[in-house]
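Beneath this line is the structure, given in structure tokens, with notes to follow.
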Amino acid sequence: MSLIQKSKDTLNNFKTYWKAPSKGNYMSFREVFAYSVGGFGAYSVFTMAQALLLSTTNVIIGNTIGIQPMHMYLMYLISVISNIPLTMLRANMVDNVKYKEGKYRPYLLRMGIPTVLISLLFVFTPYSVVPYLIRCILIFIYNFGLQFFYNFFYDAYENLIHVLSPNSQERTNVTAIKSMIYSLSPTITNFVTPLIASKVANGNMYDLRVYRWLYPFISVVGVILIVVVYANTEEKIVIAKTHPMKIKFTDALREVAKNKYFWIISLAGWLGFLETCTYVVLQWLYNYAHLCTAEQYSLITLIRGTAYTWGMILAPFAVKRWGKKKVLIVTNVVNIFFLALVYPLMGSIWTVLMCMYMNSVADSFILVLNPAIQADIRDYQQYKSGERIDGMFGAVAMIGSFITMATSSVLPAVYEKYGIYSGNGYENMYDVLYNTDVLFKLVGVLVILSAVGAALNVIPYFFYDLTEAKQKCIIKILQLRAVIEDYGNGVKNDSDITETVAFIREAKNCVDAVSAGYNYRYKQSDKLYKKSKDVNENYEISKALLNELNRYSSPVEKAKLNESIRFANAGVEGIFDISNSILEEAKSLPSGTNQERLIRKEKIASAKLALRCKKAALKYYPDGLTVFDETQLNELYEEEKSLAEKKNALLREKAVKAKINGVIASQKAVTRNIKTQQKKYQQYLESTKILRDAQKNIKQAENYKKFAEKPY
């Protein structure tokens, strides 16, 4: 096929799938374009805010504003601790607050714009005329704001890809495209910064005047492109339309804590905390050792920035060929080698650039893989718990904050050992680095620490086994559950049912064909191997789907179903009659075989939930528990919507203030009533979860049986 014909076909595909996704995909080209190009704006804001966040190595706060390293560390500790309740609030909002725009899209603007405003206020504050203590207080206040708004905004944009498509390979592809585009933002910023510094601050990149020139431009571009993402994307969560999107904070916390893949990935990050020690090396070699000019350093940052493109281009192909686990391990091993190589080559900024370039190439794969892995982990979470939990991952990750607090003291201690501390005899404590003996000794230590951090980082990845085939199995099962749950709740979408029946039929045919000997399990040629891989993967997915459909035929699920029937028959009032010895009885069950251990595990989990429900019921309903009527709450929601429309109409008409105030007063009253009803509803959900889960399990078993027995 000629190049011209390929170009025409590509153009036609863009036209055809600009508004509607192609077969097997979930995102149109317009969505991919908006999310990716919008990433340039989002990462422009990220770059701006990240440069201002409290940390033990922040050069703007330490070098420019002049906060002492140990004071920075203490402020950082306070900042991390104060962020704990904020993280819990963000988690609860993402998982339980309903917006028609979805889980993450609403927060792009609600959190992005305040992030920009706080960042601008941070750099335009005249610190030189402010006493040291007031400087510390102002920086802490600004960081408190950034901890909430920036972190929320960052999570909203980064996690949006998790819900734009349930297809793991498509998510990887889109993340790669997004990464190539957004990487231009820090690359351009790093290229422009020394040029601005040479014009307005005699080449000092840590002068606030540089940021006062740079940040207003970043702010305008960032906000415009964030709006593009918000206006042109649509969330697509694989969940039943009738599934209640409400989960108690502690229940969500408990479920995420059971997710083994979450702990594997988190552990990798915690063990690799030293890996970033070399991030300042190139800047220091330029700024303190004068190993190149400002123009050359701009070129160096531009060259290094291009390194990230390779991983973004190659990651989707590598993942498709070898899978995420192998790619993660190989790129991390490459990372270790080139970090270690900096040590003997640090006499020249150009040889250091070569090593850091290869380091950035390896890192660039992580930029694509990490969002894809995080999305897969959330799919697995939904598969295991039955609930779509997203925000709570950040809350559980707070454990890492305490680990980070401990490990973050390492770098300030190293800096101080090599002379970077207040009262070291220099006007600016970092000026000691103009002594090249001190500089190169410290750089050597940072390189060694960084290589050790990279080596520790790779270890947990050997235990990650959520393969691409497993993820596809999970998505198929979630799709099956969603359709059957809606079917059981009376929402019978003919097209969804027809599609579900079709892929159950295909699964049966695939399993029958493979069982009859139709497979290509041996690699005889690349073409045959590809066919073998596709057939075997399809077989695994089909087998998993049929196992799910027939799950209630297993002894473990039968025991769980019998338990559900017992709780359902007892009804609402039966919650008060739950025996206090139910947990001890469950723990006393036999555990000799694997099957017995699984039944015992399910019984213990059920007993713990039953006791929590009984405790809540006794607390909230001492006079007896009745079924919560959602009618009043829904009517209040409609009234709230109607009042909002009425207020907007009065504002457009420029009505008298008294009328508008009257509507506002009514809105406040309705809001108070909604909060009261929501609290009662939450109490009811907490008290009856064991009953509702039992009823759902029984209904699911009945509907699975109906679909399994359909003539195919």
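Charge dipole (Cα centre; +1 on Lys/Arg Cβ, -1 on Asp/Glu Cβ; no other charges) of the stretch 631-692 amounts to roughly 260 debye. Given a Förster radius of 51 Å and the C-beta distance between residue 212 and residue 337 as r, what FRET efficiency does 1/(1 + (r/R0)^6) yield to the nearest 0.05? Approximately 0.80, to the nearest 0.05. Rg then Dmax, both in Å and based on the Cα atoms of the stretch 56-215: 18.4, 55.
When only C-alpha pairs under 8 Å and at least 6 residues apart count, what is the relative contact order of the stretch 23-469, in percent?
Numbers: 615 pairs, mean separation 119.2, N = 447.
Result for the stretch 23-469 is 27 percent.
Assign unit charges at the C-beta atoms only (+1 for Lys and Arg, -1 for Asp and Glu), then state the dipole size of the chain relative to its Cα centre in Debye, rounded to the nearest 20.
On the way: 83 positive and 58 negative charges, 262 e Å.
So the dipole magnitude of the chain works out to roughly 1260 debye.
On average over all directions, what projected area in square nanometres does the stretch 532-641 have, based on the convex hull of its Cα atoms? Before the final figure, lay out the partial values.
Values: hull surface 49.6 nm².
Projected over every direction and averaged, the Cα hull of the stretch 532-641 covers 12.4 nm².
Across every pair of non-identical alpha carbons in the stretch 631-692, the mean reciprocal distance, once inverted, gives a Kirkwood radius of 13.1 Å.
Comparing Cα centroids, the stretch 125-143 and the stretch 655-698 end up 42 angstrom apart.
Lys and Arg at +1, Asp and Glu at -1: add these up for the other residues within a Cβ distance under 13 Å of residue 422 and post the number. Don't jump to the answer; show the numbers that get you there.
Details: positive: none; negative: 416, 427, 431.
Net charge around residue 422: -3.
For the stretch 23-469, the residue among 282, 169, 459 whose Cα projects farthest onto the positive side of the dipole built from Cβ charges is 169. Among 497-506, 56-65, the peptide with the highest mean count of other Cβ atoms within 10 Å heads the list, and the full ranking is 56-65, 497-506. Exposure proxy ranking for 213, 350, based on other Cβ atoms within 10 angstrom of each Cβ and starting from the fewest, stands as 350, 213.
Cβ under 11 Å from residue 579's Cβ, residue 579 left aside: what net charge do those residues give with Lys, Arg +1 and Asp, Glu -1?
On the way: positive: 614; negative: 577, 584, 585.
Net of charged neighbours comes to -2.
If you model the chain as an ellipsoid using its alpha carbon gyration tensor, with each semi-axis the square root of five times an eigenvalue, the axes come out at 47, 34, 27 Å, biggest first. The residues neighbouring residue 447, those whose beta-carbon lies less than 12 Å from its own, together hold a net charge of 0 under the Lys/Arg +1, Asp/Glu -1 convention.
Here's the picture: charge each Lys and Arg Cβ at +1 and each Asp and Glu Cβ at -1 in the chain, and of 358, 298, 37 the one pushed furthest to the positive end of that dipole is 37. Think of the chain as having a plus end and a minus end, set by charges on the Cβ of Lys, Arg, Asp and Glu; of 133, 581, 116, 581 sits farthest toward the positive end of this dipole. The calculated FRET efficiency for the pair residue 30 and residue 652, based on their C-beta separation and a Förster distance of 35 Å, comes to about 0.70. If one computes the Cα centroid of the stretch 308-385 and of the stretch 148-208, what distance in Å separates the two points? The distance from the Cα centre of the stretch 308-385 to that of the stretch 148-208 comes to 17 Å. Mean sequence separation of contacting Cα pairs (under 8 Å, at least six apart), scaled by the length of the stretch 583-712, corresponds to a relative contact order of 30 percent.
Every number here is computed from the coordinates shown, using simple stated rules; none is lab data. Since the model is a prediction, treat every value here as computed from it, not as a measurement. Note that each Cβ is placed from the backbone with ideal geometry, even for glycine, and that neighbours are counted across all protein chains shown.
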